[in-house]
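Q: Below you'll find the structure I mean.
The numbers here are math on the coordinates, done by the rules we state, and not lab data. Because the structure is predicted, anything quoted here is derived from the model rather than measured. Here the Cβ is made from the backbone with ideal geometry for all residues, glycine too, and neighbour counts use every protein chain on show.
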Amino acid sequence: MTDTNNPLAIVQTMFGAFGAGNLDALIDTVHPESRWVYYGANPRLSKKVYAGKAEVRQFFEGIVERLAITAFNTDEFLVDGDTVVIFGSESGTVKATGQPFHHVWSQKYVVKDNLITEMAEYNLLVES
């Protein structure tokens with residue numbers, strides 16, 4: 001049996017769906033029991049865990065509701081087996097206040113059977 005798991009392609013598909021604003025296609029890349037952990041400092045330190053497709057959707061809906069993203073960059077992808085690590089940044093404005101922001105981040109994805117089973121994001125606000 002041939003292993004057809006393609007972690008980089010799945011993560012890139014997820015990012016493409018996010019960029020297109022297609023949350024349904026994005027969620028199609030997520031395993032039903034996926035676990036996502038967000039670590040942030042924007043501007044307060046925070047940690048939030050999202051478990052399963054419904055909570056991952058809430059994570060992305062919150063981003064869309066709160067932020068107007070004008071630049072989203074995936075600068076570097078590193079792949080090791082089932083794991084993909086991305087370094088990137090994003091800029092835009094906070095919708096409620098009009099305050100500009102610039103975040104730098106790293107994200108780690110684990111992909112099994114062509115579905116994202118784990119994600120950890122480390123996000124830092126560097127400009128506001």
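Q: Could you calculate the FRET efficiency of ALA41 with ASP113 from 1/(1 + (r/R0)^6), where r is the beta carbon distance between them and R0 is 22 Å, rounded to 0.05?
A: With a Förster radius of 22 Å, E is 0.05.
Q: Once you mark the trypsin sites (Lys or Arg not before Pro) that are in a DSSP loop and have at most 16 other Cβ atoms within 10 Å, what is the longest gap between them in the chain?
A: 45-94
Q: Need one number: nm distance between label points at THR74 and LYS53, each 7 Å from Cα along Cα→Cβ, rounded to one decimal.
A: Once both label points are built, they end up 2.1 nm from each other.
Q: So what are the ³J(HN,Hα) numbers for the stretch 48-58, from phi and the Karplus equation (6.51, -1.76, 1.60; θ = phi - 60°), rounded to whole Hz, Gly and Pro as x?
A: 9, 10, 10, 10, x, 4, 4, 6, 5, 4, 4
Q: If you average the sequence gap of Cα pairs under 8 Å that are 6 or more apart and divide by the length of the chain, what percent do you get for the contact order?
A: 28 percent
Q: Quick one: net charge of SER106's neighbours, Cβ under 13 Å, K/R +1, D/E -1?
A: Charge balance in the 13 Å sphere: -3.
Q: Further question: Under 5 Å between amide H atoms, partner at least 5 residues away or on a different chain: which partners does LEU67 have, H built in plane at 1.01 Å?
A: LYS95
Q: Could you give me the ³J(HN,Hα) list for the stretch 27-38, computed from phi with Karplus coefficients 6.51, -1.76, 1.60 and θ = phi - 60°, whole Hz, x at Gly and Pro?
A: 5, 5, 8, 9, 5, x, 10, 4, 10, 10, 10, 10
Q: Would you mind ranking ILE10, ILE27, ILE69 by Cβ crowding within 10 Å, fewest neighbours first?
A: ILE69, ILE27, ILE10
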